[in-house]
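Below you'll find the structure, written out as structure tokens, and then a few comments.
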Amino acid sequence: MPSHLVLSLLLTALLAVVQCGPGNDHAWGYDKNNGPDTWQGKCQNHLKQSPIDIRAPDVDYALLHRMHFLNYDMDGKIELSNTGRTLFAGGFESWQHKQPMIQGGGLKHRYKLVQFHLHWGQNDAVGSEHALGSLHYPAELHLVHVREGLTLKEALTRPDGLAVVGVFLARTSDPVANNFSPISEKLHELRHSGNTTELKNFRTKYVLPLDTEAFYRYEGSLTTPDCSEAVVWTVLAEPMAISSHQLHLLRQLHNKELVKSDKNYRPLQPLNGRRIQYRPSKFDRVSICSSSAAFSILVTSFTLLISLIY
Ligand SMILES: *[C@@H]1O[C@H](CO)[C@@H](O)[C@H](O)[C@H]1NC(C)=O
Ligand SMILES: [Zn+2]
């Protein structure tokens with residue numbers, strides 16, 4: 001073989017390697033060589049990235065309406081898959097008039113559920129993407145909604161194109177207290193990257209905690225490449241229960257041939273001056289209402305006092 005041909009073959013191979021390097025959709029992952037540190041573009045140089053640490057000094061109380069989860073009690077068929085990066089559930093678009101949606105909760109639009117997926121780690125101290133006061137839950141579920149009237153591609157170009165609801169998963173010792181069973185019963189069929197299966201009669205409320213009243217809200221990004229800053233985040237304060245066995249099954253999922261997925265969460269990102277809103281639950285609100293009631297009584301009596309003086 002002529003040497004210049006060998007050289008050009010080598011160059012082509014090199015180019016192919018470079019093009020398939022980190023940042024390319026086919027190559028990113030969570031390993032040392034393709035993990036979050038190597039993700040390119042917006043993931044490196046944008047300022048409104050997710051996930052974040054939700055710390056008290058950065059949180060403001062907000063009198064937002066409660067969030068409405070429409071059609072979350074409807075049942076339908078979903079497709080579950082092990083994508084090699086996450087456990088993915090899709091197929092909601094074909095539910096048509098039953099497609100789950102969210103509105104309210106301070107959202108300016110209505111958003112349709114297109115998929116949900118999970119993030120986890122190999123021990124209980126890590127796994128969730130968001131953190132509360134620097135503490136992580138063992139896993140976090142993301143319900144991804146697209147703004148009504150937009151395609152996913154269009155939504156990715158708008159700061160409020162997507163609304164993602166984050167649900168923390170907390171380990172419980174009570175095996176009947178959780179709704180995660182329909183999914184976990186399928187996990188043995190999803191052991192390997194590329195495995196897919198169907199789940200019939202699924203209700204999306206299975207993956208919500210009982211209390212969805214209290215939540216954190218902030219503007220952020222996708223937590224995977226290309227890290228588009230198109231997400232209105234709603235992180236529910238109440239976690240959902242997952243049993244030790246279910247958590248174990250999740251941790252057994254493989255991301256490649258015979259390799260257990262070690263982790264699939266992105267590290268915390270700087271807030272860069274963003275504020276986080278907290279919408280308290282009913283009970284919290286009583287105290288806010290009573291303190292504002294106390295304030296208005298104070299104002300009223302002050303006004304009365306002034307009018308008495310004059
Ligand atoms: C899962 O994927 C593995 C590897 O590709 C394959 O051998 C196995 O049959 C698949 N299992 C199911 C339930 O599809
Ligand atoms: Zn996610």
Among the residues of segment 62-71, is any out of contact with any Pro (no Cβ under 7 Å at 6 or more places or on another chain) and within 16 Å of ligand 2 (Cβ to nearest atom)? no
Within the group L253, L247, which residue is within 20 Å of the chain's Cα centre (by Cα), within 16 Å of ligand 2 (Cβ to nearest atom) and more than 22 Å from L222 (Cα to Cα)? L253
Any residue at all in segment 98-107 that's in a helix (DSSP H, G or I) and more than 16 Å from ligand 1 (Cβ to nearest atom)? yes
Per the filter on segment 152-174, residues assigned to a helix (DSSP H, G or I) and touching a Phe, Trp or Tyr at 6+ places or on another chain (Cβ under 6 Å) are none
Which residues, taken from segment 209-223, are of a type in the set (G, A, S) and either more than 16 Å from ligand 2 (Cβ to nearest atom) or in contact with a His (Cβ under 8 Å, 6 or more places away or on another chain) (or both)? A214, S221
Out of curiosity, is Q122 touching a helix residue (DSSP H, G or I) at 6+ places or on another chain (Cβ under 7 Å), closer than 18 Å to S184 by Cβ and more than 14 Å from ligand 2 (Cβ to nearest atom)? yes
Look at N179 and say whether it is over 18 Å from I276 (Cβ atoms) and touching a Lys or Arg at 6+ places or on another chain (Cβ under 8 Å). yes
Of (1) under 24 Å from H65 (Cβ atoms); (2) at pLDDT below 95, G166 fails just (2)
For the structure I just gave you, tell me whether E198 is more than 16 Å from ligand 2 (Cβ to nearest atom) and in a strand (DSSP E or B). yes
Quick check: anything in segment 192-203 under 30 Å from P280 (Cβ atoms), more than 16 Å from ligand 1 (Cβ to nearest atom) and either more than 13 Å from the chain's Cα centre (by Cα) or modelled with pLDDT of 95 or more (or both)? yes
For the condition touching a strand residue (DSSP E or B) at 6+ places or on another chain (Cβ under 8 Å), crowded, with 22+ Cβ neighbours inside 10 Å, modelled with pLDDT of 95 or more and not in a loop (DSSP other than H, G, I, E, B), what is the one hit in F116, F69? F116
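The values are calculated or read from the model by the stated rules, or taken from the named source; none is laboratory data. From a predicted model like this one, the values you see are computed outputs, not experimental measurements. When we count neighbours, we look across all protein chains shown, and the Cβ atoms used for this are built from the backbone with ideal geometry, even at glycine.
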